[in-house]
Amino acid sequence: MNNQQIVVSVIGGHEINQEVENIAYNVGKIVAEVGAVLVCGGLGGVMKAAAKGCSEAGGLTIGLLPGKDKSDANEYIKIALPTTIGYARNAMVASSADIIIALPGSHGTACEISYGFVYKRPIIDIGNWDKEGMLKANNVSEVKGILNSLIEEKRA
């Protein structure tokens with residue numbers, strides 16, 4: 001890979017419980033700690049928690065918003081990019097990534113996972129998606145280990 005920064009898309013649901021919020025926050029922190037840029041959909045739930053963790057750890061966060069207003073972004077997004085294309089932005093969330101981390105979610109997350117496969121992006125599964133071809137992580141520590149290995153491969 002050239003001198004560009006590694007981009008990690010964190011995907012997951014917008015309606016989440018406290019456990020998933022904590023996981024997303026810690027995943028966001030890890031993205032910052034490994035020196036990657038976090039991309040997400042820029043709104044609430046997993047997106048907000050991951051962006052908060054990344055931002056509080058000193059990382060850069062980018063939100064690919066479905067609408068036309070930057071003000072729709074959660075407060076932890078440093079670069080808000082309105083797309084005006086609604087859920088079609090899921091393709092952008094997946095294609096902009098070097099690596100995808102999938103947390104629990106619903107149809108939108110499943111769509112982003114599918115795009116990840118189409119674009120041949122490695123996908124770390126911490127959301128119990130159990131799809132063939134994903135890299136299973138049972139906890140946040142495993143996410144960090146897998147992410148570090150993938151980043152080393154990309155930089156080699």
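The values are calculated or read from the model by the stated rules, or taken from the named source; none is laboratory data. Note that this is a predicted model, so its numbers are computed, not measured. Glycine also receives a Cβ, built like all others from the backbone with ideal geometry; neighbour counts cover every protein chain displayed.
Values as computed for the structure displayed
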read-out	value
Near pairs, Cβ below 7 angstrom, 6+ apart or cross-chain, from the stretch 21-48 (without any contact (Cβ under 8 Å) to a residue 12 or more places away in the chain) to any residue that is in a loop (DSSP other than H, G, I, E, B) and surrounded by fewer than 24 Cβ atoms within 10 Å (Cβ to Cβ)	none
Residue that is farthest from Val20 (Cα to Cα), among those in the stretch 47-58 that are surrounded by fewer than 24 Cβ atoms within 10 Å (Cβ to Cβ) and not hydrophobic (A, V, I, L, M, F, W, C)	Gly58
Glu33 vs. criteria crowded, with 16+ Cβ neighbours inside 10 Å, modelled with pLDDT of 95 or more and under 12 Å from the mean Cα position of the chain (by Cα)	no
Lone unmet requirement of (1) assigned to a loop (DSSP other than H, G, I, E, B); (2) in contact with a helix residue (DSSP H, G or I) (Cβ under 8 Å, 6 or more places away or on another chain); (3) over 22 Å from Val140 (Cα atoms) for Lys68	(2)
Hey, Gly44 surrounded by fewer than 22 Cβ atoms within 10 Å (Cβ to Cβ) and in a loop (DSSP other than H, G, I, E, B) or not	yes
Given (1) among the basic types (Lys, Arg); (2) surrounded by fewer than 18 Cβ atoms within 10 Å (Cβ to Cβ); (3) touching a residue at least 40 places away in the same chain (Cβ under 8 Å), index of the condition Lys68 fails	(3)
